[in-house]
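A.B. asks: Got a structure for you, questions after.
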Amino acid sequence: MKALLPTGRPEEMVELGESQEPQPAADEALIEVRAFSVNRGEVFQLHGPLRPGGGRPGKDIAGVVVRAAADGSGPAAGRRVVGHPPANGWAQYVAVPTRSLTEIPDDLSFESAAALPLAGLTALRLLRTAGSVAGKRILLTGASGGVGHYVTELAIGEGAEVTAITATPERGKHLTEFGATVAHDLSEAAGPYDIVMESVGGTSTPQSLALLKERGQLIWFGQASRQPAQLSFFEFFKGPRSATVRHFHYEHFDELFGTDLAQLVSLVAKDRLHPQIGRLEDWQHTATTLNDLRDRKITGNAVLRVG
């Protein structure tokens, strides 16, 4: 089968080549991939040493079941699905655990469905971690990517007031359409905030912490700047009293992704969630798309069609 293979070269991170068709385990379905989404974290994974055994990236896919799981679980052959495999999704076929699959309706395109898994799961579980957000003031940093898009739309839909920090006005324009206040520097944010969702790292983390209200919570879920966050507890005590700092990773809940994927699909069907595809290309252009994603030339999700 055709698959995108890591090259080890930073300017052309992947290339189309041949790979063996996967042999699914008993609880896995074989999916013919029609579209996949690429994430910025996968870009940096490709910049590092290649994994032993030639592991390939690819965690966000949509397609058709061509072989149902042998144990009888999951969707039947011929069903349209969205899935979140652990890897290897940038290919014509991928084996996906049935616990990480859900069916999609005919009126949801493969491209839109492929934009849901990693970003959507992260946003959904971030808000679950934050608790009830109705009437709360939320500060969201690094807000112009797929996660920021979903968090903003879902939080405002639940009655929150969201201030989104984006690098440029262009990268934040679509967030204002949901009703968010968009700023381009933390110095412009009018705190205090009940909840801070921090994904930039570096100096952004302590600056964001200082904008928390008393007994607020900061949820740290990434460092897009690639700079480690450093917190001084001496400075911390000058800020909000009794604040909570939490580390979040979307896999900390469990790996039963199918249930939450079904919720995301339901939200799309109810017109409460709208995948934003900032780049849609044939998968022959994946290498260029990865470079542009790394250089922040893409807002929202980058989706590739498998032809």
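The values are calculated or read from the model by the stated rules, or taken from the named source; none is laboratory data. Computed from a predicted model, the values in this text were never measured in an experiment. Methodologically, a virtual Cβ is constructed for each residue, glycine included, from the backbone with ideal geometry; neighbour enumeration extends over all protein chains shown.
A.B. asks: How many residues are loosely packed, with under 14 Cβ neighbours inside 10 Å and in contact with a Lys or Arg (Cβ under 8 Å, 6 or more places away or on another chain) when one looks only at segment 253-307?
C.D. replies: Result for segment 253-307: 3.
A.B. asks: For segment 193-213, indicate whether the set of residues that are under 16 Å from residue 126 (Cβ atoms), out of contact with any Asp or Glu (no Cβ under 8 Å at 6 or more places or on another chain) and charged (D, E, K, R) is non-empty.
C.D. replies: yes
A.B. asks: Only one residue in 102, 122 is touching a Gly at 6+ places or on another chain (Cβ under 9 Å) and in a strand (DSSP E or B), so which one is that? It would help to see each step written out before you state the result.
C.D. replies: Working: 122 fails: in a strand (DSSP E or B).
Of 102, 122, the one residue that is touching a Gly at 6+ places or on another chain (Cβ under 9 Å) and in a strand (DSSP E or B) is 102.
A.B. asks: Among what's in segment 125-142 and is in contact with a helix residue (DSSP H, G or I) (Cβ under 9 Å, 6 or more places away or on another chain) and in a loop (DSSP other than H, G, I, E, B), pick the residue that is nearest to residue 258 (Cα to Cα).
C.D. replies: Ranking the qualifying residues of segment 125-142, first place goes to 133.
A.B. asks: Taking only segment 136-190 into account, find how many residues are under 22 Å from residue 215 (Cα atoms), surrounded by fewer than 17 Cβ atoms within 10 Å (Cβ to Cβ) and of a type in the set (Gly, Ala, Ser).
C.D. replies: The number of residues fulfilling the criteria is 3.
A.B. asks: Condition first: without any contact (Cβ under 8 Å) to a residue 60 or more places away in the chain and either under 17 Å from the mean Cα position of the chain (by Cα) or surrounded by 15 or more Cβ atoms within 10 Å (Cβ to Cβ) (or both). Now tell me which residues in segment 76-97 satisfy that. Spell out how you get there, then give the answer.
C.D. replies: Kept after step one, since they are without any contact (Cβ under 8 Å) to a residue 60 or more places away in the chain, are these residues of segment 76-97: 76-81, 85-87, 89.
Selection gives 79, 80, 81, 85, 86, 87, 89.
A.B. asks: Check segment 239-255 and report whether any residue there is in contact with a Ser or Thr (Cβ under 6 Å, 6 or more places away or on another chain) and not charged (D, E, K, R). I'd like the intermediate steps shown before the answer.
C.D. replies: Keep residues of segment 239-255 that are in contact with a Ser or Thr (Cβ under 6 Å, 6 or more places away or on another chain), which gives 248, 250.
Among the residues that remain, those that are also not charged (D, E, K, R) are: 248, 250.
Yes.
A.B. asks: Quick one: which residue in 132, 73, 144, 112 is modelled with pLDDT of 95 or more, under 16 Å from the mean Cα position of the chain (by Cα) and among the hydroxyl-bearing types (Ser, Thr, Tyr)?
C.D. replies: On the way: 132 fails: under 16 Å from the mean Cα position of the chain (by Cα); 73 fails: under 16 Å from the mean Cα position of the chain (by Cα); 144 fails: modelled with pLDDT of 95 or more.
Exactly one of 132, 73, 144, 112 is modelled with pLDDT of 95 or more, under 16 Å from the mean Cα position of the chain (by Cα) and among the hydroxyl-bearing types (Ser, Thr, Tyr), namely 112.
A.B. asks: Still on this structure, please answer the following. What is the residue count in segment 255-299 for residues that are assigned to a loop (DSSP other than H, G, I, E, B) and touching a residue at least 24 places away in the same chain (Cβ under 8 Å)?
C.D. replies: Here the count works out to 9.
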